[in-house]
Amino acid sequence: MDDSQLAWVRPGGLTSGQRTGLADLFAGVAGDFVPPLTTRSGTVQTDLRERGQAAADNDDYFEQMLDQDTILAGQPGHLTGFLSFRAFHEDARYPDHSPCLYVSTIAVRPDQRRSGVARRLYAGLFGLPATLPSWVVLRTWSTNSGHLKLLAELGFITILTIQDDRAEGIDTLYLAADRHLAIGAPGADPHRSTRQSPEPQWHTVPGSQTSGQTSGIS
């Protein structure tokens with residue numbers, strides 16, 4: 001059972017300690033992505049196959065993440081996961097789902113996976129203020145079965161498929177969900193699923209902004 005606290009940090013608002021913890025976690029998980037995050041030119045790069053094969057390790061992706069909103073999960077001094085997103089993102093390929101909260105990255109420390117951290121991060125995202133876009137859009141690769149299973153449980157649907165985008169037989173899937181209707185969102189129909197996202201626990205840290213207290217984040 002995950003008991004992580006969450007903190008929503010606006011672009012450029014990470015403390016030095018948060019940035020160090022995020023950098024350490026990023027370094028430990030970057031190679032788990034297809035292609036690795038350290039071979040990409042940025043968080044919305046589209047030429048994933050070519051770049052993944054040819055590029056050397058770099059900090060471009062991480063540096064762009066620092067200019068995005070971030071939701072941190074963990075306890076003081078121990079980061080267990082994070083979700084990085086671009087607010088009010090627009091893409092002509094899915095105009096019906098723009099503007100959106102575009103999740104560029106979600107990652108959980110390897111020894112904390114399958115403990116509910118990712119589900120809690122999504123619950124935190126769904127509960128952000130209504131002044132932000134309703135649509136949440138993200139992409140992942142077609143063989144990322146564990147993540148795809150969670151996304152289906154949360155109510156995401158595939159809106160765009162790019163075949164062989166990352167390698168032969170590995171497609172890129174773009175998925176979307178209305179965060180106000182998604183499974184686990186504040187006010188969502190509790191009968192839509194028997195697996196609900198846990199109530200996020202929010203705490204305030206320097207440079208951070210929270211959308212609510214422990215009792216609710218809507």
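The values are calculated or read from the model by the stated rules, or taken from the named source; none is laboratory data. What you see is a predicted model; the values in this text were computed from it and never measured. Reconstructed Cβ throughout: ideal geometry from the backbone, glycine too, with neighbour counts over all protein chains shown. For accessibility, only protein heavy atoms count, side chains too; no ligands or nucleic acids. Shrake-Rupley method; radii C 1.70, N 1.55, O 1.52, S 1.80 Å.
In this calculation the C-beta distance from Thr158 to Arg10 is compared with R0 = 30 Å, giving a FRET efficiency of 0.50. The candidates Glu90, Glu63, Glu153, arranged from most to least accessible area with a 1.4 Å probe in the full protein assembly, appear as Glu90, Glu63, Glu153. Classify region 1-140 from the C-alpha gyration tensor, please: rounded if a/c falls under 1.5, else prolate or oblate depending on whether a/b exceeds b/c. Note, shape of region 1-140 comes out oblate.
Mind ranking Ile71, Ile106 by accessible surface for me, highest first, 1.4 Å probe? It would help to have the intermediate numbers written out before the result.
Details: Ile71 0, Ile106 30 Å².
Sorted by accessible area, descending: Ile106, Ile71.
Here the spin labels are modelled as points 7 Å beyond Cα on the Cα-Cβ line, and at Phe88 and His180 they lie 1.9 nm apart.
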